[in-house]
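Some notes on the structure that comes next.
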Amino acid sequence: DQQVKQNSPSLSVQEGRISILNCDYTNSMFDYFLWYKKYPAEGPTFLISISSIKDKNEDGRFTVFLNKSAKHLSLHIVPSQPGDSAVYFCAASLYGQNFVFGPGTRLSVLP
Amino acid sequence: EADIYQTPRYLVIGTGKKITLECSQTMGHDKMYWYQQDPGMELHLIHYSYGVNSTEKGDLSSESTVSRIRTEHFPLTLESARPSHTSQYLCASSESMEGGEQYFGPGTRLTVT
């Protein structure tokens, strides 16, 4: 049973527009969430994180929103750039210990 | 940029062979991890270590074994490779503090024929 779900396997967005990637989780005890980006033939790289005590964290073009009651988080990228095209993984952890990863969403930013 | 390395990057090997996938990090991180990922699927934790001489099995059952004799080195061994072991193997490390993000190596893509 997947504890972290990313129901959209792929997403296409026009350059300059907003990309919204969604993630749902089942364990209400998760207290720390991260987003990773992965290019082909490379390992995932950390993008942005959020603690369960917050509902928003922003870093440049990237903003993560957390809705604890809905057990849902989202990553907003604005404006989207062609270099953002990659697979994005959502991950959740309990007390900062081992992370559970979602299956990923492939984002394509079209020029 | 994270200093975590994996070798080999690609490996094609026959059934029954013993293989060791290498992972090294130069950041002095206590925590290290091995994940297995099939295309389009989530990363599954197969082993982790919180320090020297400490190893634990992860959420996904795996026939592989690991060792942690030195802080910087966390090799993964398959005693007898099978086609079902064909996958991508990702090594990661993180600081001891809670909530620290994991730094990933480039991965080893293993194919067992």
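The values are calculated or read from the model by the stated rules, or taken from the named source; none is laboratory data. As the structure is a prediction and not an experimental result, all values here were calculated from the model. So basically every Cβ, Gly included, is an ideal-geometry build from the backbone, and we count neighbours across all protein chains shown.
Descriptive notes on the structure:
- Among the candidates B:ILE13, B:ILE19, B:ILE4, residue that is within 14 Å of A:GLY43 (Cβ to Cβ) and in contact (Cβ under 8 Å) with a residue 24 or more places away in the chain: B:ILE4
- A:GLY83 surrounded by fewer than 19 Cβ atoms within 10 Å (Cβ to Cβ), under 30 Å from B:GLN6 (Cα atoms), among the small types (Gly, Ala, Ser) and more than 12 Å from every other protein chain (Cβ to nearest Cβ): yes
- Top-ranked residue of the stretch A:62-71 - restricted to ones that are in contact with a Phe, Trp or Tyr (Cβ under 8 Å, 6 or more places away or on another chain) and in a strand (DSSP E or B), ranked as farthest from B:LEU11 (Cα to Cα): A:LEU66
- Residue count, the stretch A:10-29 (criterion: outside any strand (DSSP E or B) and closer than 11 Å to A:SER108 by Cα): 1
- Residues in the stretch B:57-76 that are surrounded by 14 or more Cβ atoms within 10 Å (Cβ to Cβ) and assigned to a strand (DSSP E or B): B:LYS57, B:THR65, B:VAL66, B:HIS73, B:LEU76.
- One residue from B:LEU60, B:LEU43, B:LEU76 being closer than 26 Å to A:ALA92 by Cα, touching a residue at least 24 places away in the same chain (Cβ under 8 Å) and at the interface with another protein chain (Cβ under 10 Å from one of its Cβ atoms): B:LEU43
- Test for A:LEU66: is it closer than 21 Å to B:GLY100 by Cα and either in contact with a His (Cβ under 9 Å, 6 or more places away or on another chain) or surrounded by 15 or more Cβ atoms within 10 Å (Cβ to Cβ) (or both): yes
- Residues of the stretch A:72-103 that turn out to be modelled with pLDDT of 95 or more and part of a loop (DSSP other than H, G, I, E, B), as a count: 5
- One residue alone among B:GLN102, B:GLN88, B:GLN36 is surrounded by fewer than 21 Cβ atoms within 10 Å (Cβ to Cβ) and closer than 17 Å to A:PHE101 by Cα, and that residue is B:GLN88.
- Tally of residues being touching a helix residue (DSSP H, G or I) at 6+ places or on another chain (Cβ under 9 Å) and of a type in the set (A, V, I, L, M, F, W, C) across the stretch B:65-113: 3
- Across the stretch A:42-61, the qualifying residues are those that are away from every other protein chain (no Cβ under 14 Å) and either at negative phi or in a strand (DSSP E or B) (or both), and the one among them that is surrounded by the fewest Cβ atoms within 10 Å (Cβ to Cβ) is A:LYS56.
- Residue count, the stretch B:20-35 (criterion: more than 11 Å from chain A (Cβ to nearest Cβ) and in contact with a Ser or Thr (Cβ under 7 Å, 6 or more places away or on another chain)): 9
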